[in-house]
Amino acid sequence: MVVNSRFISEPKTAAIVGCPFSGGQPRAGVDRGPIQMVEAGLIDQLTDLGWSVKFHGHHQFEEVNAVSDPPIGILKNPRLVSRVNEAVAQVVGDHARKGELPVTLGGDHSLAMGTISGTLSVHPETCVIWVDAHADINTVESTESGNLHGMPVSFLLGLGSKIPEFSWVKPLLKADRLVYIGLRDIDTGEKRILRENNIKAFSMHEVDKYGIGKVVEMALDHVNPDRDRPIHLSFDVDALDPSVAPSTGTPVRGGLTFREGHYICEAIHETGCLVALDLMEVNPSLADDASVRQTVQVGCSLVRSALGETLL
Ligand SMILES: NC(=[NH2+])NCCC[C@H](N)C(=O)O
Ligand SMILES: [Mn+2]
Ligand SMILES: [Mn+2]
């Protein structure tokens, strides 16, 4: 197996950043996602692909958990989410600085505030490909739920009013370096934000219209026209149809097929530009045992595809 990745040093090392964290949303159990993916054999699977894999156990957020954390406005667990993400940004940045590929396993998608901050601190030219049913771009003003997993992108872009607690998040992501694939459940306020900031998004409508091959090509042409910029792929497992990945906190029907999800990962691997990967929102406490096993396995196979597994 040939690992294709021009920004990663030899020997190609994948650093698993296990983040058992659920504070960005209300449903218990999403903190078990990374634990189950590792237990399902992900480390060995990546080793078999030719990676040297670093994994020193899941990150512990207990100390952070202890702080008293009343809502700020309607934002829930703001201090907890902020501190955990600040730590994640540090860890992801440290791995990236060493030329390793950080693979962050969530946990809820608020963690991307940390992972993408970490990546951008090392690779400022990075573009972000966000694969999700949701845009996760609510601002402090627009959020209706107050769940921070619906907001990380607005923090990274510097949109909305600033909260002192999150002052460590630098707005290093430019709107034209971000592209979405798989969207189908966007809040009214988010639609306006996407429009006003001219953010490129390929919803399921475009996936149906053009096919996934063309959509990925157009997405890359937008954020990475010469295929020379580093890519951070942030994959929310709820981008997949609930029949493919049922165990997740905010499932939305009409999603990506198994192959469409894997195709995205394979095509991004082929660019050789991947510098960081997130696999988020696997919640093993939702749905029956068979559905949980299926979702955990899909999570592992998406990671393998992004790290070079091919069908032939
Ligand atoms: N990462 C996710 N699953 N996000 C779901 C977000 C749902 C909704 N837009 C909200 O802001 O609450
Ligand atoms: Mn989502
Ligand atoms: Mn998400």
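The values are calculated or read from the model by the stated rules, or taken from the named source; none is laboratory data. All values reported here derive from a predicted model rather than from experimental measurement. Positions of Cβ are generated from backbone atoms using ideal geometry, with glycine treated the same way; all protein chains shown enter the neighbour counts. Side chains included, ligands, DNA and RNA excluded: accessible areas come from the protein's heavy atoms. Shrake-Rupley method; radii C 1.70, N 1.55, O 1.52, S 1.80 Å.
At-a-glance table
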{"quantity": "The stretch 93-121: number of residues that are within 19 Å of Gly23 (Cα to Cα), in a helix (DSSP H, G or I) and in contact with a Ser or Thr (Cβ under 6 Å, 6 or more places away or on another chain)", "calculated": "2"}
{"quantity": "Residue that is farthest from ligand 3 (Cβ to nearest atom) [pool: residues in the stretch 266-312 that are in contact with a strand residue (DSSP E or B) (Cβ under 7 Å, 6 or more places away or on another chain) and assigned to a helix (DSSP H, G or I)]", "calculated": "Thr271"}
{"quantity": "Residue in the stretch 283-300 that is hydrophobic (A, V, I, L, M, F, W, C), at pLDDT 95 or above and touching a His at 6+ places or on another chain (Cβ under 7 Å) present", "calculated": "no"}
{"quantity": "Residues that are of a type in the set (Ser, Thr, Tyr) and more than 18 Å from the chain's Cα centre (by Cα), drawn from the stretch 144-183", "calculated": "Ser145, Ser161, Ser167"}
{"quantity": "Extreme residue, farthest from the chain's Cα centre (by Cα), among residues of the stretch 100-110 that are open to solvent by less than 10 Å² (accessible area, probe 1.4 Å) and more than 10 Å from ligand 3 (Cβ to nearest atom)", "calculated": "Leu101"}
{"quantity": "Matching residues in the stretch 132-154 - criterion: being farther than 15 Å from Asp185 by Cβ and either open to solvent by 30 Å² or more (accessible area, probe 1.4 Å) or away from ligand 1 (no atom under 14 Å from the Cβ) (or both)", "calculated": "Val140, Glu141"}
{"quantity": "Residue tally, condition more than 19 Å from Val252 (Cα to Cα), among the hydrophobic types (A, V, I, L, M, F, W, C) and in contact (Cβ under 8 Å) with a residue 60 or more places away in the chain, over the stretch 128-185", "calculated": "7"}
{"quantity": "Selection within the stretch 41-53 - surrounded by fewer than 17 Cβ atoms within 10 Å (Cβ to Cβ) and in contact with a helix residue (DSSP H, G or I) (Cβ under 8 Å, 6 or more places away or on another chain)", "calculated": "Gly41"}
{"quantity": "Close pairs (8 angstrom Cβ cut-off, 6 or more residues apart or separate chains): within 16 Å of ligand 1 (Cβ to nearest atom) in the stretch 88-112, of a type in the set (S, T, N, Q) and open to solvent by less than 10 Å² (accessible area, probe 1.4 Å) anywhere", "calculated": "Val88/Thr104; Val88/Thr115; Thr104/Thr115; His109/Ser234; Ser110/Asn85; Leu111/Asn85; Leu111/Thr104; Ala112/Ser234"}
{"quantity": "Qualifying strands (runs of 3 or more DSSP E) (wholly inside the stretch 166-246; at least 3 residues being within 16 Å of ligand 3 (Cβ to nearest atom), modelled with pLDDT of 95 or more and open to solvent by less than 20 Å² (accessible area, probe 1.4 Å))", "calculated": "178-183, 231-236"}
{"quantity": "Matching residues, the stretch 252-265, being in a helix (DSSP H, G or I) and under 18 Å from the mean Cα position of the chain (by Cα)", "calculated": "Phe258, Glu260, Gly261, His262, Tyr263, Ile264, Cys265"}
{"quantity": "Candidate set from the stretch 255-289 (those that are touching a Pro at 6+ places or on another chain (Cβ under 9 Å) and without any contact (Cβ under 8 Å) to a residue 60 or more places away in the chain); member that is most open to solvent (accessible area, probe 1.4 Å)", "calculated": "Asp288"}
{"quantity": "Given (1) under 16 Å from the mean Cα position of the chain (by Cα); (2) over 19 Å from Leu307 (Cβ atoms), index of the condition Arg27 fails", "calculated": "(1)"}
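Table: residues versus (1) of a type in the set (A, V, I, L, M); (2) modelled with pLDDT of 95 or more; (3) out of contact with any Asp or Glu (no Cβ under 9 Å at 6 or more places or on another chain); (4) closer than 15 Å to Leu178 by Cα.
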{"site": "Ser121", "(1), (2), (3), (4)": "no, yes, yes, no"}
{"site": "Ile129", "(1), (2), (3), (4)": "yes, yes, yes, yes"}
{"site": "Asp132", "(1), (2), (3), (4)": "no, yes, no, yes"}
{"site": "Glu141", "(1), (2), (3), (4)": "no, yes, yes, no"}
{"site": "Asn147", "(1), (2), (3), (4)": "no, yes, no, no"}
{"site": "Gly150", "(1), (2), (3), (4)": "no, yes, no, no"}
{"site": "Val153", "(1), (2), (3), (4)": "yes, yes, no, yes"}
{"site": "Leu157", "(1), (2), (3), (4)": "yes, yes, yes, yes"}
